[in-house]
Amino acid sequence: MMREIVIPGEELSNEKDVKPGFGTYRDADVIRSSVFGVVEKINNTIRVVPLRGKYIPITGDYVIGIVTVVKFRGCFVDINSPYIGFLPTMREDEYRIGDLLLLKIVDVDEVYNVTLNDPKRLYDGKLIEVIPVKIPRIVGKRASMLDILRKGTNCKIFVGRNGRIFIKGTPDEVKKAEKAIRLIEREAHTTGLTDRVKAFLEGKIKESGNNGNEK
């Protein structure tokens, strides 16, 4: 997976087997960026995640949503996006307005109708929001940073690609986890971040300012 910042019109790929995803367009034999953002290449699809703005749903992403409308055959879910998710259900009383759910996006059509599945109810914890583009840094490669956060705080932490994070633990543990996550969000562009997060969780340093070196 690539991680680089691009500007509108910048060339992303000229490989024939690469497909354009969100935030890109094809210009003859070249795929270019249509937004200012961060490049992600997943399998044979390349997309650009805007550095600003709301989350844009992608099939396969896990998100944290809030039930807003309950119908006979499903629920409409706020997924922190300009687009609303829909979760099919078997019963009208299966979920209630305000329920917090971890969900998988199983389909996004050409007009961004978003279908959700695999719901897991989240409760007795704290929901926080971060800039969606910072989520990969909070998770880390092969979930390495997320593992550090979980072990260092004894919290259960569920991360949505849509910029929502649910933390469950004692009040002190949750507060510690949130501070560590805010540190990562604030310093995601700096080097040595993993060591600083570990030091913070071990109590060796207090909340850090921007003391890393930009990449």
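Read-outs: derived from the displayed coordinates by stated rules, not from any lab. Keep in mind the model is a prediction, meaning the values are calculated, not measured. Using ideal geometry, Cβ is built from the backbone for each residue, glycine included, and neighbour counts are taken over all protein chains shown.
Values as computed for the structure displayed
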quantity	calculated
Within the chain: Cβ-based charge dipole about Cα centre, in debye rounded to nearest 20 (Lys, Arg +1; Asp, Glu -1)	740 debye
Greater than 31 Å apart at Cα, pairs in 126/206; 19/151; 41/204; 19/71; 120/176	19/151; 41/204; 19/71
Charge dipole (the chain, unit charges on Cβ, about Cα centre) - positive-most of 5, 37, 180	180
Under the Karplus curve 6.51 cos²θ - 1.76 cosθ + 1.60, θ = phi - 60°, whole-Hz ³J(HN,Hα) for segment 7-12, x wherever Gly or Pro sits	10, x, x, 5, 6, 10
Per residue, the convex hull volume that the Cα atoms of the chain enclose (Å³)	125 Å³
Segment 62-122 - convex hull of alpha carbons, volume per residue in Å³	75 Å³
Nearest-20 debye value, segment 63-180 charge dipole, Cβ charges on Lys, Arg, Asp, Glu	640 debye
For segment 126-201: span of alpha carbons on each principal axis (Å, largest first)	31, 28, 21
Ranking of 155, 75 by count of other Cβ atoms within 10 Å, fewest first	155, 75
Equivalent ellipsoid semi-axes - Cα gyration tensor, segment 9-66, angstrom	22, 14, 7
Rounded to whole Hz, the Karplus (6.51, -1.76, 1.60) HN-Hα couplings of segment 158-172, x for glycine and proline	10, 10, x, 5, 8, x, 10, 10, 10, 10, 10, x, 6, x, 5
Cα centre as origin, Lys/Arg/Asp/Glu Cβ charges: segment 1-72 dipole, Debye	360 debye
